[in-house]
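The values are calculated or read from the model by the stated rules, or taken from the named source; none is laboratory data. The model shown is predicted, which means the values in this text are computed figures rather than measured ones. Ideal geometry is used to build each Cβ from the backbone, glycine not excepted, and the neighbour counts take in all protein chains shown.
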Amino acid sequence: MAIKSSNKVSVEFNMASLTDIVFLLLIFFIVLSTLINPYGEKVDLPNSSSRTSDKPTVSVTIKEDLSYFIGSKKINPEQVETELISHFEGQEEKKAILYVDEQVPTGFTINLFAVARKNGIQMVVATEPS
């Protein structure tokens with residue numbers, strides 16, 4: 001004798017609510033990513049056709065008015081070396097990207113490269129694609 005159960009368990013899953021949540025999260029992260037500038041200050045970069053695949057860990061910026069930034073933190077020009085050394089303390093890979101405005105005299109860039117070379121920091125110059 002077979003006893004039939006009156007309670008039937010539904011094995012269906014409604015995906016409509018899950019897709020709504022996924023699309024809302026997608027929109028949230030797309031909007032959020034447009035608000036974040038990973039390199040700090042905006043400068044007028046020179047043009048170049050070459051590219052590098054290195055991923056620097058810190059950005060150094062020299063603006064047109066000769067103000068220096070490491071990331072988005074403004075520093076005095078005399079403190080560049082000590083700030084770079086303290087930033088890379090304990091790190092094996094020392095890579096930095098240099099954002100220099102086109103109007104900055106070349107001597108300031110060369111001095112920064114000398115500081116980087118003296119401390120074993122690999123530095124590349126950021127450019128706009130031509």
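Within the range 44-65, identify whether any single residue is modelled with pLDDT of 90 or more and surrounded by fewer than 17 Cβ atoms within 10 Å (Cβ to Cβ), and answer yes or no.
Yes, the range 44-65 contains at least one residue that is modelled with pLDDT of 90 or more and surrounded by fewer than 17 Cβ atoms within 10 Å (Cβ to Cβ).
For the range 99-111, give me each residue that is touching a helix residue (DSSP H, G or I) at 6+ places or on another chain (Cβ under 9 Å) and either in a helix (DSSP H, G or I) or free of Cβ contacts under 8 Å to residues at least 24 places away in the same chain (or both).
Here is the first cut: in the range 99-111, the ones touching a helix residue (DSSP H, G or I) at 6+ places or on another chain (Cβ under 9 Å) are 100, 108, 111.
The answer is Phe108, Asn111.
Quick one: which residue in Ile70, Ile85, Ile97 is of a type in the set (A, V, I, L, M, F, W, C) and over 15 Å from the mean Cα position of the chain (by Cα)? Before you say what the answer is, go through the steps one by one.
Details: Ile70 fails: over 15 Å from the mean Cα position of the chain (by Cα); Ile97 fails: over 15 Å from the mean Cα position of the chain (by Cα).
Going through Ile70, Ile85, Ile97 in turn, the sole match is Ile85.
Does the range 32-40 contain at least one residue that is surrounded by 15 or more Cβ atoms within 10 Å (Cβ to Cβ), closer than 18 Å to Thr109 by Cβ and either touching a helix residue (DSSP H, G or I) at 6+ places or on another chain (Cβ under 9 Å) or at pLDDT below 90 (or both)? Talk me through it step by step, then tell me what you get.
Start the filter on the range 32-40 by keeping residues that are surrounded by 15 or more Cβ atoms within 10 Å (Cβ to Cβ), which leaves 39-40.
Okay, now just the ones that are also closer than 18 Å to Thr109 by Cβ, so 39-40.
Next, only the ones that are either touching a helix residue (DSSP H, G or I) at 6+ places or on another chain (Cβ under 9 Å) or at pLDDT below 90 (or both) stay: 39-40.
Yes; the residues of the range 32-40 include at least one that is surrounded by 15 or more Cβ atoms within 10 Å (Cβ to Cβ), closer than 18 Å to Thr109 by Cβ and either touching a helix residue (DSSP H, G or I) at 6+ places or on another chain (Cβ under 9 Å) or at pLDDT below 90 (or both).
For the range 66-93, what are the residues that are among the β-branched types (Val, Ile, Thr) and surrounded by 16 or more Cβ atoms within 10 Å (Cβ to Cβ)? Step through it out loud before you land on a result.
Applying the first criterion (among the β-branched types (Val, Ile, Thr)) to the range 66-93 yields 70, 75, 80, 82, 85.
Answer for the range 66-93, where residues must be among the β-branched types (Val, Ile, Thr) and surrounded by 16 or more Cβ atoms within 10 Å (Cβ to Cβ): Ile70, Ile75, Val80.
Exactly one condition in (1) at pLDDT 85 or above; (2) out of contact with any helix residue (DSSP H, G or I) (no Cβ under 8 Å at 6 or more places or on another chain); (3) surrounded by 10 or more Cβ atoms within 10 Å (Cβ to Cβ) is false for Ala96; which is it?
(2)
Got a number for residues in the range 112-124 being surrounded by 12 or more Cβ atoms within 10 Å (Cβ to Cβ), touching a helix residue (DSSP H, G or I) at 6+ places or on another chain (Cβ under 9 Å) and free of Cβ contacts under 8 Å to residues at least 40 places away in the same chain?
From the range 112-124, those surrounded by 12 or more Cβ atoms within 10 Å (Cβ to Cβ) are 112-113, 115-116, 119, 121-124; that's our starting set.
Still in the list and also touching a helix residue (DSSP H, G or I) at 6+ places or on another chain (Cβ under 9 Å): 112, 115-116, 119, 121-123.
Checking which are free of Cβ contacts under 8 Å to residues at least 40 places away in the same chain leaves us with 115-116, 119, 121.
The number of residues fulfilling the criteria is 4.
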